[in-house]
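A short worksheet on the structure shown next.
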Amino acid sequence: MTDKWGLGYVDPIWDKEYINLTYIYEKFNNPTDTALWKNQGYVLGNELGALCDMRSPQPSWNQQIVNWFSNKYQVQDIGTSYYRMSTGVVLPTHGDTYEKYRQLFGCKLEDIKRVVVFLEDWKSGHYFEIDGNPVINWRAGDYVWWTGDIKHMAANIGLEDRYTLQVTGHVK
């Protein structure tokens, strides 16, 4: 861990409501990384996981997560996005650009904080990596945080869907 990323834990206040959200598939929005992945031999389709972001109804307890994140990290303009990664999905190493978020809120990349909360206990085949460091064997409520464009990746080569919550904000 560094001052740019770390691990933490938040008491799970959620139920399984996230499973039945309206998830949509979107193309990855960083053409530089996409081109790199193709050159590295990844076969990419439209499915790098499915999202349910602020454009769709969020779980009944979502505001509690927003409040926790705001208080814990002193950030504002908080957005949440639930992420379902099905079997066989690999999201190769990348750094988030937050292009749309930065346009919306006029903030700098280095001022953005992201947390990925693991909504369920780790299952065989589920994987996360940050800055070259593997994260496995998590329990529901464990999370990874970072600032800016720290490189990370995720994969599901297991047999069950992998659910996480991405929470994004920027310093006040």
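Report the longest stretch of the chain that contains none of the GluC sites (Glu not before Pro) sitting in a DSSP loop with at most 15 other Cβ atoms within 10 Å.
Details: sites that count: GLU26, GLU47, GLU160.
The longest uninterrupted stretch comes out as 48-159.
With contacts defined as alpha carbon pairs under 8 Å and 6 or more residues apart, what's the relative contact order of segment 58-172 in percent?
That works out to 42 percent.
Based only on other Cβ atoms within 10 Å, what is the fewest-to-most ordering of MET54, MET153?
With the fewest neighbours first, MET54, MET153 line up as MET54, MET153.
List the trypsin sites (Lys or Arg not before Pro) within segment 1-110 that fall in a DSSP loop (any state other than H, G, I, E or B) and whose Cβ has at most 13 other Cβ atoms within 10 Å. Provide the component values of the computation, followed by the final result.
Values: sites: LYS4, LYS16, LYS27, LYS38, ARG55, LYS72, ARG84, LYS100, ARG102, LYS108; in loops: LYS4, LYS27, ARG55, LYS108.
Qualifying residues, ordered by number: LYS27, ARG55, LYS108.
Which of these, SER81, SER70, SER56, has the largest mean-square fluctuation under a Gaussian network model of the chain (Cα springs below 10 Å)?
Maximum fluctuation in the GNM of the chain, among the listed residues, is at SER56.
Just flag the trypsin sites (Lys or Arg not before Pro) in segment 114-152 sitting in loop per DSSP whose Cβ has no more than 16 other Cβ atoms within 10 Å.
LYS123, ARG139, LYS151
What are the aspartates and glutamates whose alpha-carbon lies under 19 Å from the alpha-carbon of LYS16, with same-chain residues fewer than 8 places away excluded?
Counting by Cα, and skipping residues close in sequence, LYS16 has these aspartates and glutamates nearby: ASP53, GLU120, ASP121, ASP142, GLU160, ASP161.
Between VAL144, VAL43, VAL115, where does the largest GNM mean-square fluctuation fall for the chain, given springs only between Cα atoms within less than 10 Å?
Top of the fluctuation ranking is VAL43.
Read-outs throughout are calculated quantities, based only on the coordinates presented, and are distinct from any laboratory measurement. Everything numeric in this text was worked out from a predicted model, so none of it was measured. No Cβ is skipped: glycine too gets one built from the backbone with ideal geometry, and neighbour counts run over all protein chains shown.
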